[in-house]
């Protein structure tokens, strides 16, 4: 499955990343010898953090180096995923129970892994996703209080051995992110600054717990300045 990380399932099915070397594929040199391994990178952050813009800029930069890129999003990226997106992002806050919401995200994620992520990596394409597992851990696990370990357990079979090589959390102040968001907020965006602050705190907890695969990227400054920080984080893979 390309260079995505393996995961170790603990005694209760907990998902913990285990790094492994990948075969170098994707860009080929003379005599068809592979030079650069395709990577799986997730962009994370609170709503309005600028992660979508940064994912697009990274895709452009990678393609400029001759690398093939698949861009996707969560929830979404597949027929099932887009239907789940409509369910979880519409309606009033509280119209879904916490456990139901977490399982819906996991179902969409399982479909994305099997239909988009794995095939793309196998074909030598980099995969850039706008959100993945760590969104569920930060939003449902930390901010909503379901528990990070509980959400990891729910997602164990959904992600199986497919975790991002790197999750870049665009760490933008809550006030700045609120200013960036559109007036037409979805159900989760409408939950306010207090909720977004708990999500941001959740991401910092995750970065401390999983330092091998989660990187905080300062989201202040210009778009170009943040992009430079993203490129510095991705640089070791290039």
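The values are calculated or read from the model by the stated rules, or taken from the named source; none is laboratory data. Just so it is clear, the structure is predicted and the values come from calculations on it, not from any experiment. Positions of Cβ are generated from backbone atoms using ideal geometry, with glycine treated the same way; all protein chains shown enter the neighbour counts.
Give the residue that is surrounded by the most Cβ atoms within 10 Å (Cβ to Cβ), with candidates limited to residues of the range 61-100 that are in contact (Cβ under 8 Å) with a residue 40 or more places away in the chain, part of a helix (DSSP H, G or I) and out of contact with any helix residue (DSSP H, G or I) (no Cβ under 6 Å at 6 or more places or on another chain).
Going through the qualifying residues, I end up with 62.
Do you know which residues across the range 212-226 are farther than 15 Å from residue 59 by Cα and buried (at least 16 other Cβ atoms within 10 Å of the Cβ)?
213, 214, 215, 216, 217, 219
So, residue 209, is that one modelled with pLDDT of 95 or more, exposed (fewer than 15 other Cβ atoms within 10 Å of the Cβ) and either over 19 Å from residue 60 (Cα atoms) or more than 16 Å from the chain's Cα centre (by Cα) (or both) or not?
yes
Select, from 64, 76, 81, the only residue that is within 25 Å of residue 172 (Cα to Cα) and at pLDDT 85 or above.
The match here is 76.
Of all helices (runs of 4 or more DSSP H) completely enclosed by the range 119-200, which ones contain at least 2 residues that are buried (at least 18 other Cβ atoms within 10 Å of the Cβ) and modelled with pLDDT of 95 or more?
133-136, 148-159
Scan the range 32-39 and give yes if some residue there is assigned to a loop (DSSP other than H, G, I, E, B), modelled with pLDDT of 75 or more, in contact with a strand residue (DSSP E or B) (Cβ under 6 Å, 6 or more places away or on another chain) and more than 22 Å from residue 151 (Cα to Cα), otherwise no. Quick ask: steps written out before the conclusion?
Taking the range 32-39 as the starting set, the residues that turn out to be assigned to a loop (DSSP other than H, G, I, E, B) are 33, 37-39.
Then keep just the ones that are modelled with pLDDT of 75 or more; that gives 37-39.
Next, from what is left, pick out any that are in contact with a strand residue (DSSP E or B) (Cβ under 6 Å, 6 or more places away or on another chain): 38-39.
If we keep only those that are more than 22 Å from residue 151 (Cα to Cα) too, we end up with 38-39.
Checking the range 32-39: at least one residue is assigned to a loop (DSSP other than H, G, I, E, B), modelled with pLDDT of 75 or more, in contact with a strand residue (DSSP E or B) (Cβ under 6 Å, 6 or more places away or on another chain) and more than 22 Å from residue 151 (Cα to Cα).
Does residue 229 satisfy the condition of being in contact with a strand residue (DSSP E or B) (Cβ under 6 Å, 6 or more places away or on another chain), surrounded by 15 or more Cβ atoms within 10 Å (Cβ to Cβ) and without any contact (Cβ under 8 Å) to a residue 40 or more places away in the chain?
So residue 229 fits the description; yes.
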